[in-house]
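Encoded as structure tokens, the structure appears first; notes follow it.
The values are calculated or read from the model by the stated rules, or taken from the named source; none is laboratory data. All values derive from a computational prediction rather than experimental measurement. As a convention, Cβ positions derive from the backbone with ideal geometry for all residues, glycine included, and neighbour counts pool all protein chains shown. Accessible surface is based on the protein model in full, side chains and every heavy atom, while ligands, DNA and RNA are left aside. Shrake-Rupley method; radii C 1.70, N 1.55, O 1.52, S 1.80 Å.
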Amino acid sequence: MNELILELTEISPREFFGQQNENIDLLKKYFPKLKIVARGNKIKVFGDEELLEEFEKRFDMLTAHFVKYNKIDENSIERVLTSDSEADYTSSEKSGQVLVHGVSGKLIKAQTANQRKIVEAVRKSDMVFAIGPAGTGKTYTSVALAVKALKEKQVKRIILTRPAVEAGENLGFLPGDLKEKLDPYMQPLYDALRDMIPAEKLTHYIENGTIQIAPMAFMRGRTLDKAFVILDEAQNTTHAQMKMFLTRMGKSAKFLVTGDPGQIDLPRRVISGLKEALLILNNVEGIEVIYLDDKDVIRHKLVKKVIDAYRSIEHQN
């Protein structure tokens with residue numbers, strides 16, 4: 001009797017096997033002539049060589065499904081195991097609007113016309129600026145595009161950065177070590193990632209450096225290649241920080257800069273690196289700028305009204 005050993009890497013065996021190994025029981029149902037034993041992160045399969053080859057092919061399709069959608073269930077297992085070919089299965093799963101399938105199969109899409117422009121701009125250009133007010137989905141869409149690029153192996157790592165600028169609080173007085181002081185500034189990036197990548201896998205990615213979340217100062221001296229790099233809250237960069245960041249770009253990299261020129265927290269008389277960059281790089285070929293507005297606000301309906309109210313006061317002044 002022939003033996004096949006398959007190992008799960010970067011996939012939680014508990015989630016893949018299901019409660020009380022219910023997914024393994026389904027596999028046994030579809031391959032009754034094989035003996036299937038699941039232990040730890042490995043599956044041992046015993047049987048005829050021809051059946052083992054078919055099992056390995058279907059198992060690879062199931063793990064690919066899990067990596068893409070972050071889950072498998074009875075319906076998806078049935079579709080994978082009964083489809084005539086991998087092409088037939090994947091063709092029914094495709095959707096041009098979906099950027100990534102998040103935790104528990106959540107569909108993450110570009111929801112507005114300008115968000116879709118960001119998607120298209122990133123597809124065509126290696127450096128993109130996404131400019132707009134709060135709540136327009138700049139950060140969320142950017143992180144989704146980065147996760148999509150990582151899943152599709154277009155890049156080897158994701159690097160997310162923000163300037164640690166104090167908005168009414170003094171960083172030095174916050175409790176904890178450097179990481180604990182900086183984490184609150186990075187929280188929106190963590191929140192978006194948690195929507196798109198299961199907790200266990202996200203922890204693994206952060207620990208092995210596949211996903212790096214760091215303040216601007218950590219970018220100095222680096223060359224960022226084969227990476228999807230997002231600079232968030234770029235309105236709070238200085239001239240020197242923005243120039244330093246943009247010149248970190250390496251080969252096979254995507255740079256996406258997001259910011260809201262209406263929410264600058266820099267000290268008075270300090271010029272925003274974002275505002276300056278938009279002027280300096282205005283006619284540079286290969287760089288795209290996408291502007292979002294209050295029509296793109298996807299938070300609570302009151303957010304749009306708040307933006308409008310503040311804008312009217314600012315115009316009066």
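Assorted remarks:
- Per atom type, the chain shows carbon and sulfur on 50% of its accessible surface, probed at 1.4 Å.
- Principal-axis tilt of helix 301-316 within the chain, Cα atoms, nearest 10 degrees: 20
- Neighbourhood net charge (13 Å Cβ-Cβ; Lys/Arg +1, Asp/Glu -1) for residue 239: +2
- Electrostatic tally near residue 222: other residues with Cβ closer than 12 Å to its Cβ, Lys and Arg +1, Asp and Glu -1, net +2.
- Crossing angle, helix 113-124 versus the chain [Cα axis fit, 0-90 degrees, rounded to tens]: 70
- Label-point gap, in nm, between residue 222 and residue 82 - each point 7 angstrom along Cα→Cβ: 4.8
- Rounded to 10°, Cα long-axis angle of helix 49-69 versus longest principal axis of the chain: 20
- Approximating the spin labels as points 7 Å out from Cα along Cα→Cβ, the residue 116-to-residue 207 distance works out to 4.1 nm.
- Helical runs (DSSP H, four residues minimum) scored at -39500 (n - 2.57) apiece and divided by the length of the chain put the mean residue ellipticity at 222 nm at -13500 deg cm²/dmol.
- Options 289, 214, 8, ranked by Cα towards positive dipole end of the chain, top entry (Cβ charges): 289
- Counted residue by residue at 0.36 nm each, then reduced by the alpha carbon distance between them, the extension gain from residue 190 to residue 311 reaches 40.6 nm.
- Here residue 29 is the anchor, and the lysines within straight C-alpha reach of less than 25 Å, apart from those fewer than 8 places off in the same chain, are 42, 44, 57, 68, 71.
- Highest mobility in the GNM of the chain, judged by mean-square fluctuation with C-alpha springs under 10 Å and restricted to 145, 281, 99, is found for 281.
- Relative counts (whole %) of C-alpha pair distances in the chain, using bins that are 20 Å wide: 28, 49, 20, 3, 0
- For residue 130, the residues whose amide H sits under 5 Å from its own are 257, 258, 259, 290, ignoring neighbours fewer than 5 places away on the same chain, with H placed 1.01 Å from N.
- Centre separation in Å (Cα based) which lies between region 272-295 and region 245-264: 10
- Neighbour net charge for residue 274 - beta-carbon separation under 10 angstrom, K R +1, D E -1: -2
- Distant-in-sequence amide H partners of residue 227 (H built 1.01 Å from N, under 5 Å): 156, 253, 254
- Relative contact order of the chain, defined on C-alpha pairs under 8 angstrom at six or more residues apart (%): 19
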